[in-house]
1. Among the residues of segment 64-76, how many are part of a helix (DSSP H, G or I) and surrounded by 13 or more Cβ atoms within 10 Å (Cβ to Cβ)?
2. For the structure I just gave you, tell me whether Glu22 is more than 23 Å from Met189 (Cα to Cα) and either of a type outside the set (Val, Ile, Thr) or outside any loop (DSSP other than H, G, I, E, B) (or both).
3. With the structure loaded, tell me whether Thr193 is out of contact with any helix residue (DSSP H, G or I) (no Cβ under 6 Å at 6 or more places or on another chain), within 30 Å of Thr140 (Cα to Cα) and crowded, with 16+ Cβ neighbours inside 10 Å or whether it fails that test.
4. From Ala57, Ala48, Ala79, grab the single residue that is open to solvent by less than 70 Å² (accessible area, probe 1.4 Å) and either of a type in the set (S, T, N, Q) or farther than 19 Å from Lys167 by Cβ (or both).
5. Quick check on this structure: which one of Ile30, Ile6, Ile38 is in contact (Cβ under 8 Å) with a residue 24 or more places away in the chain and in a loop (DSSP other than H, G, I, E, B)?
6. Just to be sure before I move on: is Ala226 over 19 Å from Ser113 (Cα atoms) and either of a type in the set (Gly, Ala, Ser) or buried (at least 16 other Cβ atoms within 10 Å of the Cβ) (or both) in the structure I sent?
7. Among (1) open to solvent by 30 Å² or more (accessible area, probe 1.4 Å); (2) at pLDDT 95 or above; (3) of a type in the set (A, V, I, L, M, F, W, C); (4) closer than 26 Å to Thr40 by Cβ, which single condition is Leu161 missing?
8. If you take the residues in segment 229-252 that are part of a helix (DSSP H, G or I) and either of a type in the set (D, E, K, R) or in contact with a His (Cβ under 7 Å, 6 or more places away or on another chain) (or both), which one is most open to solvent (accessible area, probe 1.4 Å)?
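The values are calculated or read from the model by the stated rules, or taken from the named source; none is laboratory data. Not measured: the values here are computed from a predicted model. Counting neighbours? That spans all protein chains shown, and the Cβs are built from the backbone with ideal geometry, glycine included. Protein only, heavy atoms only, side chains kept; ligands, DNA and RNA dropped before computing areas. Shrake-Rupley method; radii C 1.70, N 1.55, O 1.52, S 1.80 Å.
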Amino acid sequence: MVLYVIGLGLSDEKDITVKGLEAVKSCERIYLEAYTSILTVGKERLEAFYGKPVVIADREMVESEADVILKDADKVNVAFLVVGDPFGATTHTDLVHRATELSIPVIPIHNASIMNAVGCCGLQLYNYGQTVSIVFFTETWKPDSFYDKIKMNTDMELHTLCLLDIKVKEQSIENMARGRNIYEPPRYMTINTAVEQLLEVHETRAAASPESKPAYTKNSIVVGLARVGCDDQKIVAGTLEELLTVDFGGPLHSLVIAGKMHFLEAEVVKAFAVDKETFDKYAVVSQH
């Protein structure tokens, strides 16, 4: 008997692979990880498609109550469902490690994730550097370590995939302090918010080190992607400043900061441009 860690892909209940679906149907218990990413459908659609009940596994369960998920997984098949690919988040690696320590066999079943589906925008996957995460700023907390990683990428003329924050089943500081199990409504960072934060950090870093070459500027070419893998996916390219006002619709959103583009990459990305003349003006393109 095994723990299956199954990638669900990017969109809805039908994105699961045939191998993944067969594994799910063999399982006694099925958990859906529901805080690092989301599908476009609720668990009810999954249950109808699988013909089995699905338990929502929030951050607390996965990180603090893994023993509940792993219980008897050496005697019955258990499925842990992950939006995208099973190893798209370190949390899932930790669960696999715990299972291995308990001598529970683990079988991962892979699927598409934003890490490879981002190729749909035209920028070639092998020209990407480190992926970064951008989290919601607060009045007192504005982490900007992503800037240094983006600068490393752009200095090497590589593209940067920016994964945008989602907040699911989060408590306010007041409710947490008072021990009240009251949770805030889900929030999903938009490309517009990400751009605002990127520009804010750029201004702060430029003021602190005006002599340094910036990681990006308001005129850097970027690509915004929304609901990749869905029928209504949206891709728009332009400068950071241009993407401030583009309506990308509902979640999930991702952002790519382009490095130097091969001329074939540039031709594909240009098709998504807000303004093709502006794109030609600011795009950094190699002719070789």
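1. Summing the residues that are part of a helix (DSSP H, G or I) and surrounded by 13 or more Cβ atoms within 10 Å (Cβ to Cβ) in segment 64-76 gives 4.
2. Values: more than 23 Å from Met189 (Cα to Cα): yes; either of a type outside the set (Val, Ile, Thr) or outside any loop (DSSP other than H, G, I, E, B) (or both): yes.
It is true that Glu22 is more than 23 Å from Met189 (Cα to Cα) and either of a type outside the set (Val, Ile, Thr) or outside any loop (DSSP other than H, G, I, E, B) (or both).
3. yes
4. Ala79
5. Answer to the check: Ile38.
6. On the way: over 19 Å from Ser113 (Cα atoms): no; either of a type in the set (Gly, Ala, Ser) or buried (at least 16 other Cβ atoms within 10 Å of the Cβ) (or both): yes.
Here the answer is no, as Ala226 does not meet what is asked.
7. It fails just one condition, (1).
8. Per the criteria, the residue is Glu241.
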